[in-house]
1. Which of the residues belonging to the stretch A:283-298 are of a type outside the set (Gly, Ala, Ser) and over 16 Å from the mean Cα position of the chain (by Cα)?
2. Restricting the search to the stretch B:74-98, which residues are touching a His at 6+ places or on another chain (Cβ under 8 Å) and surrounded by 16 or more Cβ atoms within 10 Å (Cβ to Cβ)?
3. For the stretch A:143-185, how many residues are part of a helix (DSSP H, G or I), more than 14 Å from chain B (Cβ to nearest Cβ) and closer than 21 Å to A:GLY210 by Cβ?
4. Check off (1) surrounded by fewer than 24 Cβ atoms within 10 Å (Cβ to Cβ); (2) within 12 Å of chain B (Cβ to nearest Cβ); (3) small (Gly, Ala, Ser) for A:GLY285 and give me the number that stays unchecked.
5. Of the residues in the stretch B:105-148, how many are closer than 23 Å to B:LEU243 by Cβ, modelled with pLDDT of 90 or more and surrounded by 22 or more Cβ atoms within 10 Å (Cβ to Cβ)?
6. Which of the following residues is within 25 Å of the chain's Cα centre (by Cα) and either away from chain B (no Cβ under 14 Å) or in contact (Cβ under 8 Å) with a residue 40 or more places away in the chain (or both): A:THR99, A:THR68?
7. Scan the stretch B:143-172 residue by residue and report those that are assigned to a helix (DSSP H, G or I) and closer than 18 Å to A:LEU272 by Cβ.
8. Could you tell me which of the residues B:VAL165, B:VAL194, B:VAL174 is surrounded by fewer than 22 Cβ atoms within 10 Å (Cβ to Cβ) and of a type in the set (Val, Ile, Thr)?
Amino acid sequence: MLKFTVRRLIQLVPILIGLSILVFIWIRALPGGGPAEALLGERATPEAVARIRELYGLDRPLWQQYLTYVESVARFDFGQSIVSRRNITTEISERFPATIELSLAAMIFAAGIGIPLGFVAAKRYLGWIDQLSVAGSLLGVAIPVFFLGLLLKYVFAVKLHWLPTVGRSDATSTALHPTGFYVLDAIITNDRVALVDAVRHLILPAIALGTIPLAIITRITRAAVLDVVNEDYVRTARAKGLGPRVVDRRHVLRNAMLPVITIIGLQTGLLLSGAILTETVFAWGGMGQWMYQAITFRDYAVLQAGILFLAIVFVLVNLLVDLSYAVLDPRIRVR
Amino acid sequence: MSIAEAEASELQLESEQLVGRWADARQRLLRNPGAVVGIVLILLFVLVAVFAPLLAPYDPTEQDLSIIRPGVYPGPSAEHWLGVDQLGRDILSRIIYGARSSLLIGVVSVGFGAAIGLTLGALAGAFGGWADTLTMRGMDMMLAIPGLLLAIGVAAAIGRSQLSVMIAIGVVNVPIFARLLRGSMLSQRESDYVLAARALGVRRGRIVLGHIVPNSIAPVIVQATLALATAIIDAAGLAYLGLGSDDPGAPEWGRMLAETQSFLQNAPHAAIFPGLAIVISCLGFYLLGEGLREAIDPKFRR
């Protein structure tokens, strides 16, 4: 296992180098002249441009510029936002918890419904639950996140007034946020009002964001269970007189879970970036909403930091998925 | 029988078998109700897009300010079947013209991505060695960035225009097609008929283009169909984020949703109908894609 981990970590190096080169070239390909102009925005004064050129060493050869760039990224120094004039690393540390919280809630929704639904669908193969789950999961991938978000918002917030329309907490809330994860914060500070408030704000965005993974998890679970129920070991387990529940739990589910866990991991990585649209619909103060604002105001400093950061997180989540898969299935390790 | 004759009869057999396989697939496809629904939806979508000027009751940018007041944007009526938006424009006409831009973006971006991706994949699959390693590591790098994020980056770098949306979505598709064709070719390369062709002395270029590529193309067709659905959703997403066409009046489904977001309470129809248009067109391509997958490879029938 250690050998496998080390091998996967080594494979990570060229990907991270490649990513940094891509983003480095990307900044230089941006409209507006040179990278200093792009990073400073349209109203940059010549003095500010000169300062940035000096700071990033933009008059030096490209390879030296690249090394400076990698060095500053390695120190988590992404510079300043053009719009808010704040340190980008500080903003990421404030906003990333919101995105993780939303993504986790979406995944809990997706896996919590998708796995049982896929299992039942496979057990009642071609029955009405099965047909319904197949049709539903098709619809689930065809419906854009932002449209679903708008629909949910219209029905449950605007019309029925059951849930709040935007934001992470009530405007009048005075709750403390030591960690930035509002649900966790409310539990830590033992603030029941804040907990209810945070959960109520979380429900609609989590459902909107979780629908695509829900559709995919349902499908994969169903297919995996259908594959496994015809295996010899399942027949053997039944033949030796085990009850149907024991067979389902120990032999069917446990073996069917491998592909499902992989897909949950991969989808979690995608959710972190897919949250851009959901956060925009629900004005959820995370990375996505921040990047949406950066697109609107052409804040390339924020945009490049956001893209690089989320891509690195995505790569790391995929690494964790691979490692957990190797723990669950020893056959992977020797490949 | 001379070698040339053997080769000729083998090629003939091959092509007969190929015709048989595609005819089979077509039959299976047409017997699948989901796929038929998909084909009907796509036909509808394409017809609407092509004949937009004939079908649309109004000019998509024409504003009828006499029928709107702040906070009052009439919904479906006899004059405006799907109602009007916050600027008094006919929503049905905008959706009909929006189909044009969606179809155009979808076809061009997937075509562009597939053309580059398939070329790279075929070269990597045919030559192997360092060309393969280099290409595929490059593709891995692109896959390391989530699709929407990559598209945002590319679109932001090129600037706001319909063309940049096409390029952005096309770029996202490149590594997907390259990987798919290469993988498919590698598995074909080991097959018996390639060995047979090689033993008969058929030249490498001819084996690759005449045997391996045609036999590897089935999954590519499935992927292209599914990619069209994703392209339509992604294009709408980019337009929603403000990275669509540079013409602010252009009828784009994603932009229509974004613009009406703040009028949700007064004009829900202005958001719901363009959203449904996206869902219906995507559903068409997904249904056809799934149907094709099952038709080409019956093992997938589930």
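The values are calculated or read from the model by the stated rules, or taken from the named source; none is laboratory data. Note that the coordinates shown come from a computational prediction; the quantities given were computed from them, not determined experimentally. With ideal geometry, Cβ positions are generated from the backbone for all residues, glycine too; neighbour counts draw on all protein chains shown.
1. The answer is A:GLN293, A:ILE295, A:THR296, A:PHE297, A:ARG298.
2. B:PRO74, B:GLY75, B:LEU82, B:GLY83, B:ASP90, B:ILE91, B:LEU92
3. Selection size over the stretch A:143-185: 3.
4. All conditions pass for A:GLY285, except number (2).
5. Here the count works out to 7.
6. From the options A:THR99, A:THR68, the qualifying one is A:THR99.
7. B:LEU143, B:GLY147, B:LEU148, B:LEU149, B:LEU150, B:ALA151, B:ILE152, B:GLY153, B:VAL172
8. After ruling out the rest, the residue left standing is B:VAL194.
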